[in-house]
Amino acid sequence: MVEPEFDATGVGIRRMLRSLTRAGHVLVRDGELVLMTSYGSEIDSAPVDEVRISGYGLRDQALATLRGRGYVLRLGLGHREGLLTAVRTARAKSAAERGVLGT
């Protein structure tokens, strides 16, 4: 198994006003973002090319859109930047593997 580019546990994951888990797991691995419950059940996943992450004005949260479905991730201090960096890096690797430059 390949080491994940990003791995955070204890993440609060919400969809709109509904809490899906208070201690979830967020992974960026093999060019895919995966959201899981604390029990390891997959909530949602998508290739990084189909993921949008924003965190403007939010200290410890990120807004993630996976294939049009929006989630609020409460990552904790310091982890938001790691997630943003991991998604950018995974996108660049995916583009390089496809031979697409400048993406």
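Within segment 61-77, count every residue that is touching a residue at least 12 places away in the same chain (Cβ under 8 Å) and either out of contact with any Leu (no Cβ under 8 Å at 6 or more places or on another chain) or of a type in the set (D, E) (or both).
Residues meeting the conditions: 6.
Residue check: is G31 open to solvent by less than 80 Å² (accessible area, probe 1.4 Å) and touching a helix residue (DSSP H, G or I) at 6+ places or on another chain (Cβ under 7 Å)?
yes
Determine whether L58 is in contact (Cβ under 8 Å) with a residue 12 or more places away in the chain and in contact with an Asp or Glu (Cβ under 7 Å, 6 or more places away or on another chain).
no
Within segment 14-33, take every residue that is in a loop (DSSP other than H, G, I, E, B) and under 15 Å from the mean Cα position of the chain (by Cα) and give me the one that is nearest to V72 (Cα to Cα).
Applying the filter and picking the extreme gives G31.
May I ask you to list the residues in segment 85-103 that are more than 14 Å from V34 (Cα to Cα) and under 11 Å from the mean Cα position of the chain (by Cα)?
Across segment 85-103, the qualifying residues are T85, R88.
Can you confirm whether segment 87-97 contains a residue that is charged (D, E, K, R) and surrounded by 16 or more Cβ atoms within 10 Å (Cβ to Cβ)?
Scanning segment 87-97 turns up at least one residue that is charged (D, E, K, R) and surrounded by 16 or more Cβ atoms within 10 Å (Cβ to Cβ).
For a quick check of your reading of the model, give me the residue pairs whose first member lies in segment 15-36 and is farther than 14 Å from L66 by Cβ, whose second is open to solvent by less than 40 Å² (accessible area, probe 1.4 Å) and assigned to a strand (DSSP E or B), with beta-carbon atoms closer than 6 Å and at least 6 apart or on different chains.
If the second residue must be open to solvent by less than 40 Å² (accessible area, probe 1.4 Å) and assigned to a strand (DSSP E or B), the pairs left are T21/I13; R22/G12; H25/M36.
The values are calculated or read from the model by the stated rules, or taken from the named source; none is laboratory data. Only a predicted model underlies this, so the values are computations on that prediction, with no experimental measurement involved. No Cβ is skipped: glycine too gets one built from the backbone with ideal geometry, and neighbour counts run over all protein chains shown. Please note that ligands, DNA and RNA were not included when accessible areas were found on the heavy atoms of the full protein model with its side chains. Shrake-Rupley method; radii C 1.70, N 1.55, O 1.52, S 1.80 Å.
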